[in-house]
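All remarks here apply to the structure that follows.
The values are calculated or read from the model by the stated rules, or taken from the named source; none is laboratory data. As the structure is a computational prediction, the values presented were derived from the model and not from experiment. Heads up, the Cβs are rebuilt from the backbone with ideal geometry, glycines too, and the neighbour counts pull from every protein chain shown. Heavy atoms of the whole protein, side chains included, go into the accessibility calculation; ligands, DNA and RNA do not. Shrake-Rupley method; radii C 1.70, N 1.55, O 1.52, S 1.80 Å.
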Amino acid sequence: MKQETRYFRKGFGLKSGIQPELRRDYHSALVDRIQAREGLLVVHDLTLRLAVEFGFCYGVDRAVEYAYETRKKFPGRKLFIIGEIIHNPHVNRRLREMGVGFMSDAASFEEALERVRSEDVVIIPAFGATTSEMEALARIGCIRVDTTCGSVLNVWKNVDRYSREGFTSVIHGKYDHEETKATASRAISRPGSHFLIVRDMEETECVARFLANNGGASAFLDRFRPAFSPRFDPDRDLDKIGLANQTTMLSSESLAIGARLKQVYLARYGEADLREHFRSFDTICSATQDRQDAVEGLLESGIDLMVVIGGYNSSNTNHLAEIAADRVPAFHIQDALCIESGERIRHKPVGEQAEVTASRWLPAGPVTIGLTAGASTPNNKIGEVAERILQCRNYRLEEACP
Ligand code: SF4
């Protein structure tokens with residue numbers, strides 16, 4: 001008897017069947033219209049300038065499509081997803097409405113597993129899952145639909161190589177982010193291999209100081225706990241390092257971290273032996289890079305302020321806001337409802353966790369507003385924000401310059 005396939009990662013060929021639903025849930029005619037006019041919407045003295053690259057990336061597009069296809073393919077089965085498919089509240093809410101259970105709602109992954117049976121279907125999100133989570137699902141024997149993005153798989157391939165060749169993976173990322181946890185688990189796929197996660201340049205300088213001083217292991221471990229592998233010994237395990245990234249980090253910071261650590265290892269081992277102790281490769285995905293470059297482009301075009309749309313827990317959206325906030329007033333908002341009026345806007349300031357309310361955010365008179373959205377933000381949420389900004393001025397779309 002033919003064995004039923006239990007692991008899928010290439011789609012079900014149902015794309016045309018789900019297109020009407022995807023269009024209904026995420027499409028925006030207004031965004032299409034702005035794009036057709038070279039990213040500009042001009043209404044009287046208000047100009048909205050949309051970034052050249054914004055919103056859903058190829059990995060998110062694929063993951064969302066695959067989740068919709070999964071619902072169609074297995075209509076009678078219980079459907080679960082390990083955690084958020086992407087970091088956008090609207091997309092996740094839509095999946096819940098489609099009957100997908102979120103395992104992350106349980107107190108722990110182990111507790112969530114108790115509800116999963118072999119006949120059920122579990123979706124792995126675009127960020128991937130840890131090796132132990134994947135093994136636990138395989139033991140249950142449930143159907144697994146893996147939407148892990150190809151760019152994330154590329155990072156895993158590289159950290160696996162580091163592990164095979166005896167290098168400790170130094171990962172620029174956030175240790176509690178799903179993707180970084182999944183990557184870290186691949187970095188220790190062999191006995192004796194290790195990882196260390198550095199969040200930013202400040203932590204990179206701690207690594208540089210430790211290597212320069214040749215000592216202070218216990219203070220080092222206290223500083224980085226819990227962002228390293230079990231039994232990690234900095235005296236031993238930083239001798240050979242390979243760099244990797246969470247794909248959605250600020251690319252300029254990733255490059256600076258790579259350059260700084262290379263400088264440290266060059267001083268320590270010399271040019272001739274550098275490759276024996278230091279490896280790196282470019283792991284910022286092109287979609288993240290393109291969106292960050294597009295914000296730079298908007299800033300250079302002379303905007304007065306920037307509105308960045310996306311989930312507050314979306315790493316790549318936060319970084320877009322960070323780039324903009326260095327140069328102009330920038331407002332990271334979750335959706336159009338955050339714009340209460342031309343006077344008041346609720347937004348998440350860069351580096352903060354909580355939303356705050358700002359007043360007088362929209363200046364009177366002629367103004368050019370840059371608009372962008374993270375890789376997990378659907379176009380309809382961008383279109384709603386554009387319309388809301390117009391409403392704040394009592395302008396109507398019909399009054400827009402052709
Ligand atoms: S941001 Fe990059 S790595 Fe993440 S899902 Fe999109 S394309 Fe893939």
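Could you give me the percent of Cα pairs per 10 Å distance bin for region 290-379, shortest bin first, beginning at zero and ending with the bin that holds the maximum distance?
18, 54, 27, 1
For the chain, what is the convex hull volume of its Cα atoms per residue in Å³? Before the final figure, lay out the partial values.
Details: hull volume 65.7 nm³, N = 402.
Dividing the Cα hull volume of the chain by its residue count gives 163 Å³.
Could you give the nm distance between label points at A29 and R115, where each point is 7 Å from its Cα heading toward the beta carbon?
3.9
For K348, list the aspartates and glutamates whose Cα falls under 14 Å from its own Cα; do not include residues on the same chain fewer than 8 positions away.
Straight-distance partners of K348: E322, D335.
So if R0 is 30 Å, what FRET efficiency would K72 and V52 give, r being the distance between their Cβ atoms, rounded to the nearest 0.05?
Numbers: r = 33 Å, r/R0 = 1.11.
Result of the calculation: an efficiency of 0.35.
Relative to the present Cα-Cα distance, how much length would full extension add between L153 and D233 at 0.36 nm per residue of separation? Write down the numbers at each step before the final one.
Numbers: separation 80, 0.36 × 80 = 28.80 nm, distance 2.73 nm.
Additional length available on full extension: 26.1 nm.
In whole Å and largest first, what semi-axes does the C-alpha gyration tensor of region 164-323 yield when each eigenvalue is scaled by 5 and square-rooted?
Numbers: eigenvalues 183, 60, 41 Å².
So the equivalent ellipsoid measures 30, 17, 14 Å along its semi-axes.
Tell me which aspartates and glutamates have Cα within less than 15 Å of K10's Cα, excluding those fewer than 8 residues away on the same chain?
D61, E65, E69, D146
Which whole-number percentage describes the relative contact order of region 257-400, with Cα contacts under 8 Å and a sequence gap of 6 or more? Display every interim value, and only then the final one.
On the way: 190 pairs, mean separation 33.7, N = 144.
That works out to 23 percent.
Suppose the chain between A259 and R225 were pulled fully straight at 0.36 nm per residue; how much longer would it get relative to their current alpha carbon spacing?
Values: separation 34, 0.36 × 34 = 12.24 nm, distance 2.42 nm.
Additional length available on full extension: 9.8 nm.
With an 8 Å Cα cut-off and a minimum separation of 6 or more residues, compute the relative contact order for region 59-149 in percent. Don't skip to the answer; put the middle values down first.
On the way: 131 pairs, mean separation 32.6, N = 91.
Value for region 59-149: 36 percent.
Could you list which residues have their amide H under 5 Å from that of F278, counting only those 5 or more apart in sequence or on another chain, with H placed in the peptide plane?
Amide H to amide H, under 5 Å and 5 or more residues apart or across chains, F278 pairs with I241.
Counting only protein heavy atoms and using a 1.4 Å probe, what share of the accessible area of the chain belongs to carbon plus sulfur, as a whole percent?
Values: 8790 of 18020 Å².
Reported share for carbon and sulfur atoms: 49 percent.
Mind checking which lysines have their C-alpha under 25 Å from K262, skipping anything on the same chain fewer than 8 residues away?
Those lysines meeting the cut-off are K157, K174, K181, K240.
Summing -39500 (n - 2.57) over the DSSP H runs of n ≥ 4 in the chain and dividing by its residue number, what mean residue ellipticity at 222 nm do you reach, to the nearest 500 deg cm²/dmol?
On the way: 15 runs with 177 residues, N = 402.
Mean residue ellipticity, 222 nm, calculated: -13500 deg cm²/dmol.
Heavy-atom accessible area per residue, the chain, 1.4 Å probe: how many Å²? Numbers along the way, then the final one.
Working: 18020 Å² over 402 residues.
Ligands and nucleic acids excluded, the result is 45 Å² per residue.
R0 = 35 Å: FRET efficiency of C401 with D290, Cβ-based, nearest 0.05? Please report the intermediate quantities before stating the final value.
Numbers: r = 28 Å, r/R0 = 0.79.
Efficiency, rounded to the nearest 0.05: 0.80.
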